[in-house]
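S.K.: Please see the structure below; I have some questions.
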Amino acid sequence: MKISIFGSCSGTLPFEGRHHTAFSIIINGRVYWFDAGENCSYTAYLMGIDLLAVSDIFISHPHMDHVGGLGNLLWNIRKLSTQSNTLPYFGDVTVYLPNEETFNGTLSVLKHTEGNYKTEYHTLFHKITDSVLLKNENIEVEAKHNRHLEKTNDGWQSFSFRITAENKKIVYSGDIQSVDDLSDFLKEGCDALFIETGHHTAEDICNYIVEKQYSVKALYFLHHGRKILNDFDGVLQRCKTIFQNVYFCNDKDVFYL
Ligand SMILES: [Zn+2]
Ligand SMILES: [Zn+2]
């Protein structure tokens, strides 16, 4: 599977060369999208990602550094579809979000754009709860709430994901309160852990994974905060002394698992 990073930054002010968090996983030509920070579809398009192959968009929580590019992503999919007179290859586009208000707000904005966002396919909402969100012949995506946001009357508002595909397990933290939030996923091991560092130091996370003896084969840091951004190479070197198989993601990185 191919993993493409469109944004590697946390919710910082505009930062040269980096945008807010987003990435995709491509399996058998189908694009599964995770978080949709500013500019994500712009970057993806220029990286050669076929936006008409996007079928499922998983948004960990409704903060702006994770949804800021959602409207533009949906707009670009429609634009490509109308220009090329081609429907999205995998049918309707589903947006998975913890709350419907953010989805409806995004659609409200789109409704007043070109062609009133009229499409020959549907843009569907799927509310995220602790469950298997999607399972098909290629992939399974499970959601587990974390404590980055408080529970509301509408349920938990922030989630982590476990993606199982091609006999590999990938955990994506989203934003978390502590790495303990991921223990249900991590105690079962994973091939790759994509974990945010906006709210923690990378060294602490490396130490935690080693101390807990979790079977995590590779660590990919993204959603970088100032601690990493201000000393990228220094923090990376210190992390490598704790956990060797560690990567600090950059915008436009591509990984094959
Ligand atoms: Zn964030
Ligand atoms: Zn957040």
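We did not get these values from a lab; they are worked out from the coordinates using the rules stated. Computed from a prediction, not measured in an experiment: that's the story for all the values here. Backbone-built Cβ (ideal geometry, glycine too); neighbour counts: all protein chains shown.
S.K.: Of these, Leu80, Leu51, Leu70, Leu74, which one is away from ligand 1 (no atom under 16 Å from the Cβ) and crowded, with 24+ Cβ neighbours inside 10 Å? Walk me through how you get there before you give the answer.
M.R.: Values: Leu80 fails: crowded, with 24+ Cβ neighbours inside 10 Å; Leu51 fails: crowded, with 24+ Cβ neighbours inside 10 Å; Leu70 fails: away from ligand 1 (no atom under 16 Å from the Cβ).
Just one listed residue meets the conditions, Leu74.
S.K.: Can you tell me which residues in region 148-177 are out of contact with any Ser or Thr (no Cβ under 7 Å at 6 or more places or on another chain), more than 17 Å from Met64 (Cα to Cα) and within 14 Å of ligand 1 (Cβ to nearest atom)?
M.R.: Result: Gln177, single match.
S.K.: Among the residues of region 144-151, is there at least one that is in contact with a His (Cβ under 9 Å, 6 or more places away or on another chain) and under 19 Å from Asn28 (Cα atoms)? Quick ask: steps written out before the conclusion?
M.R.: Restricting attention to region 144-151, the residues satisfying the condition of being in contact with a His (Cβ under 9 Å, 6 or more places away or on another chain) are 146, 148-149, 151.
Imposing the further condition that a residue be under 19 Å from Asn28 (Cα atoms) reduces the set to none.
Scanning region 144-151, I find no residue that is in contact with a His (Cβ under 9 Å, 6 or more places away or on another chain) and under 19 Å from Asn28 (Cα atoms), so the answer is no.
S.K.: For region 152-180, name all the residues that are out of contact with any helix residue (DSSP H, G or I) (no Cβ under 7 Å at 6 or more places or on another chain), without any contact (Cβ under 8 Å) to a residue 60 or more places away in the chain and farther than 11 Å from Thr129 by Cα.
M.R.: Just the residues of region 152-180 that are out of contact with any helix residue (DSSP H, G or I) (no Cβ under 7 Å at 6 or more places or on another chain), to begin with: 152-159, 161, 163-170, 172, 174-175, 177-178, 180.
If we keep only those that are without any contact (Cβ under 8 Å) to a residue 60 or more places away in the chain as well, we get 152-156, 164, 167, 169, 177-178, 180.
The answer is Thr152, Asn153, Thr164, Asn167, Lys169, Gln177, Ser178, Asp180.
S.K.: Further question on the same structure: Could you count how many residues in region 1-48 are within 14 Å of ligand 1 (Cβ to nearest atom) and more than 18 Å from Phe90 (Cα to Cα)? Talk me through it step by step, then tell me what you get.
M.R.: Kept after step one, since they are within 14 Å of ligand 1 (Cβ to nearest atom), are these residues of region 1-48: 7-13, 15, 18-23, 34-38, 40.
In the following step, the residues that additionally are more than 18 Å from Phe90 (Cα to Cα) were identified as 7-13, 15, 18-23, 35-38, 40.
Residues meeting the conditions: 19.
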